[in-house]
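Here is the structure we will look at.
The values are calculated or read from the model by the stated rules, or taken from the named source; none is laboratory data. Computed from a predicted structure; not experimentally measured. Backbone-built Cβ (ideal geometry, glycine too); neighbour counts: all protein chains shown.
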Amino acid sequence: MEKKWWHHSVVYQIYPRSFYDSNNDGIGDLQGIIQKLDYIESLGADVIWLSPVYASPNDDNGYDIADYYQIMDEFGTMADMDELIAQAKQRNIKIVMDIVANHTSDEHQWFVEARKSKDNPYHDYYVWAKTPNNLRSIFSGSAWQYDEHLGEYYLHLFSKKQPDLNWTNPRVRQDIADMIIFWLEKGIGGFRFDVIDLIGKIPEQEITENGPKLHEYIKELNQKSFGRYDVLTVGETWGATIEIGEQYSNPKNNELSMIFQFEHILLDQQVDGEKWDLAPLDFIKLKQVLSKWQTELYGIGWNSLFWNNHDTPRAVSRFANDQQHRVEAAKLLATITHGMWGTPYIYQGEEIGMTNVRFDSLASYRDVETLNMYNERIKKGYSHETIMESIYTKGRDNARTPMQWNGSAYGGFSTTAPWINVNPNYETINVEQALADPNSIFNYYQQLIQLRKANDWVVYGTYRLILENDKNIFAYIRAYQEQEYLVYGNFSAQNVRFDIEELATVRREDIILSNYNETQLEQKMLQPFEAGIIKLVN
Ligand code: NOJ
């Protein structure tokens with residue numbers, strides 16, 4: 001496999017609205033990010049994935065773009081953006097832009113024109129129907145919205161203010177390619193393509209994900225724009241299977257560098273239900289799913305490694321423990337992903353173990369998906385309490401509370417009340433605390449990242465799951481050039497037996513990293529949420 005710079009990278013995702021507010025209007029901004037670049041550099045990440053910063057009316061916090069060539073007023077100006085790219089570059093950090101091209105805002109000039117008349121040249125930039133079918137919006141209700149003036153319906157797979165673009169129209173595809181080139185010419189390090197698996201939709205047949213022309217469109221975009229630059233591209237693909245993952249990320253196909261697959265993210269919901277229909281996580285399945293992507297894509301494509309992002313609950317709350325064992329648990333999750341084969345993504349705040357939030361009142365919630373779901377389910381007869389439990393467990397605002405920088409008011413994010421409340425635990429969980437504590441989660445992430453940067457086995461080694469049926473332990477072996485390494489973690493709050501005698505004798509000096517200062521490995525025991533990496537010596 002041809003080596004690529006992003007094989008060794010670790011990506012840090014920023015949700016700008018909630019990262020750092022430099023002008024104290026309650027909303028994060030680009031100058032805020034610039035002020036925190038040293039922090040990201042000190043963590044060791046070398047790529048920033050920036051959630052959308054383009055002009056937007058913010059129905060979906062920037063995932064509804066009104067102008068791809070302008071910066072959102074609340075975030076700053078194009079000059080700020082240029083400065084961010086330049087300042088990041090000085091620190092050897094690349095900026096990955098978020099391209100939302102499945103849909104635009106209804107306030108985008110294309111849609112404003114499209115609505116004027118059926119023979120307007122932009123009408124065919126969007127998807128229209130005389131009568132709606134059963135397609136449902138991912139944000140609740142019908143995916144069709146009636147336009148009185150035209151007497152027809154437009155498609156919106158997300159909110160009403162996010163009309164879907166018509167990718168069968170070559171002019172749409174050309175305009176998107178031109179826009180991507182505009183950003184490439186600014187020296188961008190790559191792109192994250194929002195819900196890219198929806199662009200090949202055939203709405204009249206109710207096909208949305210993985211439509212027949214999807215890969216053809218991606219290849220065309222690659223060939224017309226980013227394929228000519230040495231950049232990282234990652235597609236958001238909720239419906240990807242291994243076979244589809246190979247298609248996207250096999251370099252021979254000239255599509256994308258890698259994808260985000262979501263199989264492990266879809267495990268704690270009821271079969272055939274929505275994400276709000278809660279179900280316990282099947283740990284054995286979790287191991288199977290993640291391991292399948294490790295082994296089956298190996299040597300063919302490339303993996304993205306992540307536990308959470310701006311659309312999901314906080315990893316430590318969802319997959320481990322956000323109470324008594326929060327610190328060990330956060331380090332355990334980090335060990336498991338950062339020990340794997342692929343490119344790790346860290347979502348802002350993950351590196352200090354930020355947790356889910358439980359706001360008392362629905363009025364404190366901001367997310368359009370959450371609010372639409374609440375209204376729909378109340379109408380269907382669900383109780384307020386049941387819905388709130390779903391929101392506490394799965395709501396996207398869990399990930400969107402402001403970054404907790406210190407223990408002062410609003411967590412040091414801003415000096416005025418932020419657009420969404422801070423998680424009340426900011427007084428104990430914050431960056432200032434983490435930087436002062438040698439045993440902090442932040443410090444542990446730094447070590448994991450350095451390990452990856454310094455060792456090819458982390459980047460290129462093979463993967464083998466062991467103890468497949470163990471209900472508490474996630475353990476696997478990475479092998480590279482005759483040497484093996486064991487990555488392990490106990491996902492329970494109890495001491496558990498960890499017997500790896502057949503593999504190796506565990507010697508203290510072979511422990512590369514551990515989230516406990518004192519291990520009991522020699523006694524074949526793992527403590528609550530204990531994790532680590534050992535060099536195996538026979
Ligand atoms: C996926 C994005 O990550 C999410 O935040 C957004 O709401 C939808 N796509 C629609 O753009």
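Screening residue 281 against (1) touching a helix residue (DSSP H, G or I) at 6+ places or on another chain (Cβ under 8 Å); (2) touching a residue at least 60 places away in the same chain (Cβ under 8 Å); (3) not in a helix (DSSP H, G or I) leaves a single unmet condition, (2). Taking the listed residues 208, 233, the one that is β-branched (Val, Ile, Thr), under 20 Å from residue 65 (Cα atoms) and within 16 Å of the ligand (Cβ to nearest atom) is 233, with no other qualifying. For residue 300, the stated conditions hold: it is among the aliphatic types (A, V, I, L, M), over 26 Å from residue 450 (Cβ atoms), touching an Asp or Glu at 6+ places or on another chain (Cβ under 7 Å) and touching a residue at least 40 places away in the same chain (Cβ under 8 Å). For region 452-489, a residue qualifies if it is over 26 Å from residue 525 (Cβ atoms) and in a loop (DSSP other than H, G, I, E, B), and the qualifying residues are 455, 461, 481, 482.
Right, residue 78: out of contact with any Lys or Arg (no Cβ under 7 Å at 6 or more places or on another chain), surrounded by 15 or more Cβ atoms within 10 Å (Cβ to Cβ) and not polar (S, T, N, Q) or not?
Numbers: out of contact with any Lys or Arg (no Cβ under 7 Å at 6 or more places or on another chain): yes; surrounded by 15 or more Cβ atoms within 10 Å (Cβ to Cβ): no; not polar (S, T, N, Q): yes.
It is false that residue 78 is out of contact with any Lys or Arg (no Cβ under 7 Å at 6 or more places or on another chain), surrounded by 15 or more Cβ atoms within 10 Å (Cβ to Cβ) and not polar (S, T, N, Q).
Take the conditions among the β-branched types (Val, Ile, Thr), within 18 Å of the chain's Cα centre (by Cα) and modelled with pLDDT of 95 or more and apply them to residue 316. Does it pass? Judged against the criteria, residue 316 is a match. Scanning region 84-110 for residues being within 15 Å of the ligand (Cβ to nearest atom), outside any loop (DSSP other than H, G, I, E, B) and closer than 21 Å to residue 201 by Cβ gives a total of 3. When region 418-429 is filtered for residues that are away from the ligand (no atom under 16 Å from the Cβ), part of a loop (DSSP other than H, G, I, E, B) and touching a helix residue (DSSP H, G or I) at 6+ places or on another chain (Cβ under 7 Å), the ones remaining, listed by number, are 418, 421, 422, 429.
If you check 223, 145, which single one turns out to be free of Cβ contacts under 8 Å to residues at least 60 places away in the same chain and part of a helix (DSSP H, G or I)? Checking each option against the conditions leaves just 223. Within region 112-140, the set of residues being surrounded by fewer than 16 Cβ atoms within 10 Å (Cβ to Cβ) and either small (Gly, Ala, Ser) or within 16 Å of the ligand (Cβ to nearest atom) (or both) comprises 117, 129, 136. Can you find a residue in region 61-73 that is surrounded by fewer than 21 Cβ atoms within 10 Å (Cβ to Cβ) and within 27 Å of residue 351 (Cα to Cα)? Looking for residues that are surrounded by fewer than 21 Cβ atoms within 10 Å (Cβ to Cβ) and within 27 Å of residue 351 (Cα to Cα), one finds none in region 61-73, hence no. Among the residues of region 141-164, the one identified as within 13 Å of the ligand (Cβ to nearest atom), surrounded by fewer than 24 Cβ atoms within 10 Å (Cβ to Cβ) and of a type in the set (A, V, I, L, M, F, W, C) is 157. Looking at region 219-230, is at least one residue closer than 26 Å to residue 307 by Cα and either out of contact with any Cys (no Cβ under 9 Å at 6 or more places or on another chain) or more than 14 Å from the ligand (Cβ to nearest atom) (or both)? Among the residues of region 219-230, not one is closer than 26 Å to residue 307 by Cα and either out of contact with any Cys (no Cβ under 9 Å at 6 or more places or on another chain) or more than 14 Å from the ligand (Cβ to nearest atom) (or both), which makes the answer no.
Pick out, from region 284-386, the helices (runs of 4 or more DSSP H) lying fully within it that include 1 or more residues that are within 16 Å of the ligand (Cβ to nearest atom) and more than 22 Å from residue 441 (Cα to Cα). So that I can check it myself, show each step before the final result.
Numbers: elements: 315-319, 326-338, 368-379.
Helices (runs of 4 or more DSSP H) meeting the threshold: 368-379.
Conditions (1) surrounded by 16 or more Cβ atoms within 10 Å (Cβ to Cβ); (2) touching a residue at least 40 places away in the same chain (Cβ under 8 Å), marked per residue:
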residue: 208; (1), (2): yes, yes
residue: 211; (1), (2): yes, no
residue: 216; (1), (2): no, no
residue: 240; (1), (2): yes, yes
residue: 261; (1), (2): yes, yes
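Summed over region 248-272, residues that are part of a loop (DSSP other than H, G, I, E, B), over 16 Å from the mean Cα position of the chain (by Cα) and modelled with pLDDT of 95 or more total 7. In region 393-408 there is no residue matching the filter, namely being assigned to a helix (DSSP H, G or I), buried (at least 21 other Cβ atoms within 10 Å of the Cβ) and away from the ligand (no atom under 16 Å from the Cβ). Do we have any residue at all in region 165-177 that's of a type outside the set (A, V, I, L, M), under 15 Å from residue 108 (Cβ atoms), more than 16 Å from the ligand (Cβ to nearest atom) and not in a loop (DSSP other than H, G, I, E, B)? Within region 165-177 (the criterion being of a type outside the set (A, V, I, L, M), under 15 Å from residue 108 (Cβ atoms), more than 16 Å from the ligand (Cβ to nearest atom) and not in a loop (DSSP other than H, G, I, E, B)), the answer is yes, since at least one residue qualifies.
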